[in-house]
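Beneath this line is the structure, given in structure tokens, with notes to follow.
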Amino acid sequence: MISKWCKKNGLETKSQYHPNLVNEDETVTRSDREIFNSLLCKVSSSNLQDQKSAAKELRLLTRKGTEFRALFGESPDEITRLVNPLLHGSNPDEKLQEDVVTTLLNISIHDDSNKKLVCENPNVIPLLIDALRRGTVATRSNAAAAIFTLSALDSNKVLIGKSGILKPLIDLLEEGNPLAIKDVAAAIFTLCIAHENRSRAVRDGAVRVLGKKISNGLYVDELLAILAMLVTHWKAVEELGELGGVSWLLKITRESECKRNKENAIVILHTICFSDRTKWKEIKEEENAHGTITKLSREGTSRAQRKANGILDRLRKAMNLTHTA
């Protein structure tokens, strides 16, 4: 997933940049180290113009190749020096904030060691939360992308989830800026792979935001995949019922041309069907009118077929109980 994101956004990965090298350190020259140390001195100085010029250069250098990303991974102190200008004052310079956040993103892409180092720095996650809340659109998008990248590590998923970062991500998702929304969705999805983060996302209002956008046909591919994970939480099922989710989930199941969307919709409907018997009538009416679920049980993905058959079986048993009574 991350390699696809890098390719889409024009970032070099280690294998792209030096495919035949085994020892990454061999690519770091003495000149690289001198430039690196000089830029860190400038970015952590008290002069705003020096900070801005150094941050811009570090952003470019960590984007173009792996050498400077590797240098950041040598010590946690280097990360602290990078973010230092954003730790003082309540209103950071917008361009400086954007360049520092984007450099953090570039560093995190390098390898798992860098991801761990960046995420465990006590300054980074609060800085990213602040960037999500009040950065430029580009800064907020890159902050979300950094969270997505850092969350590739399971230990980071838990650490980031505990920080309270899901709420600003969900708020940004609700705003719906097209330049940021896919990075935000990717970050939320990756964080919610960790089960404990699903309850946090539900608590922070994700179901309402996701439901509203999906029902309006916005970013259905990305958001439906998140919702399919969240319905493992009972509160998400309850909220979907209150939001009238069954009707638009049935519509997706019936009308979507995307097999993955049909699968995710029927997965959610299956959970609703087995958790809330008050929705059986609406599902049965859809089946009687269009044969939607029967069709999916024959033509969907293997997972979709299993879930569709599970719903049909539940509806048949409900009918038998009614007739018996």
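The values are calculated or read from the model by the stated rules, or taken from the named source; none is laboratory data. This one's a predicted model, so the numbers in the text were calculated from it and none came from an experiment. All Cβ positions, glycine included, derive from the backbone under ideal geometry; neighbour counts span all protein chains shown.
The figures follow:
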read-out: Qualifying residues in the stretch 49-93 (those that are assigned to a helix (DSSP H, G or I) and among the hydroxyl-bearing types (Ser, Thr, Tyr)) - the one farthest from residue 122 (Cα to Cα); value: 53
read-out: Test result for residue 82, within 17 Å of residue 135 (Cβ to Cβ) and surrounded by fewer than 23 Cβ atoms within 10 Å (Cβ to Cβ); value: no
read-out: Filtered residues of the stretch 108-126 (kept if crowded, with 21+ Cβ neighbours inside 10 Å and over 24 Å from residue 67 (Cβ atoms)); value: 125
read-out: Test: residue in the stretch 160-173 that is more than 22 Å from residue 224 (Cα to Cα) and assigned to a helix (DSSP H, G or I); value: yes
read-out: Total residues in the stretch 175-185, condition part of a helix (DSSP H, G or I) and under 14 Å from the mean Cα position of the chain (by Cα); value: 5
read-out: Qualifying residue in the stretch 290-307 (condition: surrounded by fewer than 12 Cβ atoms within 10 Å (Cβ to Cβ) and either small (Gly, Ala, Ser) or at positive phi (or both)); value: yes
read-out: Selection count, the stretch 127-156, where residues are assigned to a loop (DSSP other than H, G, I, E, B), under 20 Å from residue 70 (Cα atoms) and not small (Gly, Ala, Ser); value: 1
read-out: Check on residue 68, touching a residue at least 40 places away in the same chain (Cβ under 8 Å), among the aromatic types (Phe, Trp, Tyr) and buried (at least 22 other Cβ atoms within 10 Å of the Cβ); value: no
read-out: Residue among 197, 177 that is touching a helix residue (DSSP H, G or I) at 6+ places or on another chain (Cβ under 8 Å) and within 17 Å of residue 157 (Cα to Cα); value: 197
read-out: Subset of the stretch 103-123 [part of a helix (DSSP H, G or I) and either over 17 Å from the mean Cα position of the chain (by Cα) or among the aromatic types (Phe, Trp, Tyr) (or both)]; value: 103, 107, 112, 113, 114, 116, 117, 118, 120
read-out: Selection status of residue 94, at pLDDT below 95, within 21 Å of residue 138 (Cβ to Cβ) and under 30 Å from the mean Cα position of the chain (by Cα); value: no
read-out: Residue check, residue 234 among the aromatic types (Phe, Trp, Tyr), over 20 Å from residue 316 (Cα atoms) and at pLDDT 95 or above; value: no
read-out: Looking only at the stretch 168-212, and only at residues there that are small (Gly, Ala, Ser) and touching a Ser or Thr at 6+ places or on another chain (Cβ under 8 Å), the one that is surrounded by the fewest Cβ atoms within 10 Å (Cβ to Cβ); value: 180
